[in-house]
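The structure appears below as structure tokens.
The numbers here are math on the coordinates, done by the rules we state, and not lab data. Everything quoted here is computed from the prediction, not taken from an experiment. Every residue, glycine among them, receives a Cβ derived from its backbone with ideal geometry; neighbour counts consider all protein chains shown.
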Amino acid sequence: VGRPSPTADLAGLEVVVSAGGTREPLDPVRFLGNRSSGRQGIALAAAAARRGARVTLVAANVDAALTAPLGALTVVPVETTAELREAVRDAARSADVVVMAAAVADFRPTTSAAHKIKKTPGGTPAPITLVENPDILAELAAERLRPGQVVVGFAAETGDDDADVLEHGRAKARRKGADLMAVNAVGTAAGFGDVPNSVTVLDAAGEVVARAAGTKDDVADALLDAITARLAAATT
Ligand code: CTP
Ligand code: CA
């Protein structure tokens, strides 16, 4: 709303966006996963492409109907966290901007059975043991696969007895070391489906640098504005 018509302000830049949710196999037919649709990451990738960037979208289990209309950008489909990590890191080596919008599974089963797990009548199910996945965003922020690269994360938070949404977001922003962290409150209407959502953008110190509300496209453009401001600050 009130936004100027698209300019090619990202022309010449390479942007990597991860979207969707990773799945970790238990056996050849089952997985642990999450409900992320990938819509916010897709909106961001599409907005970056509209603004002239060369975009790679690493899409974890995203419905092909959502990525099919994105003709101009490169889509790399992945399933597991390990695959997502490899694809993001490959693309990030030459990227000016990396945005981790994917919902990454925090844990994966220690092993994946080679054959479908069978139940035995009257038997007790075997427990599932988990191991923690690498933190892709924290790694990217620590390593900077390309010097001067802007690294961006997303955090969906709910308030709880210990802290409100912003406090959780601040702590996470500081812990991850990303240049920007887009924090949105979930558990309310905002953030789900097609209803307008609102995000607060924090820097690595946890300070608020921007706020955005509206459609996922509005949020995408506002986040890209915050990213271009960071890029400009880094090159001046
Ligand atoms: N992320 C990541 N690798 C992981 C987990 C998360 O790169 N193994 C990224 C997500 O893509 C997102 C950001 O980190 O950009 C925040 O994810 P979130 O799940 O909110 O943070 P966690 O550190 O996993 O903390 P929590 O315990 O709240 O899930
Ligand atoms: Ca997590």
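So the values come out like this:
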read-out	value
Karplus-derived 3J(HN,Hα), 6.51/-1.76/1.60, for each residue of region 170-177, Hz, glycine and proline x	4, 4, 5, 4, 5, 5, 7, x
Linear extension gain, T129 paired with E167, 0.36 nm per residue minus alpha-carbon span	10.5 nm
222 nm mean residue ellipticity, helices alone, for the chain (DSSP H n ≥ 4; -39,500 (n - 2.57); rounded to 500)	-9000 deg cm²/dmol
Cα→Cβ-extended label distance, 7 Å offset, between T158 and D217, nm	3.1
Choice from T22, T74, T200 showing the highest fluctuation, given a GNM over the chain with Cα pairs closer than 10 Å	T74
Considering only region 111-236, percent of DSSP beta bridges that pair antiparallel, nearest 5	65
Per-bin percent of Cα-Cα distances, region 77-236 [10 Å]	10, 32, 33, 16, 8, 2, 0
Estimated FRET transfer efficiency when R0 is 35 angstrom, pair D225-A65 (beta carbons, to 0.05)	0.75
For region 1-142, fraction of C-alpha pairs farther apart than 27 Å, in %	30
Label point distance in nm, A232-A138, each placed 7 Å from Cα along Cα→Cβ	3.3
Cα centroid separation, region 80-131 to region 23-44 (Å)	9
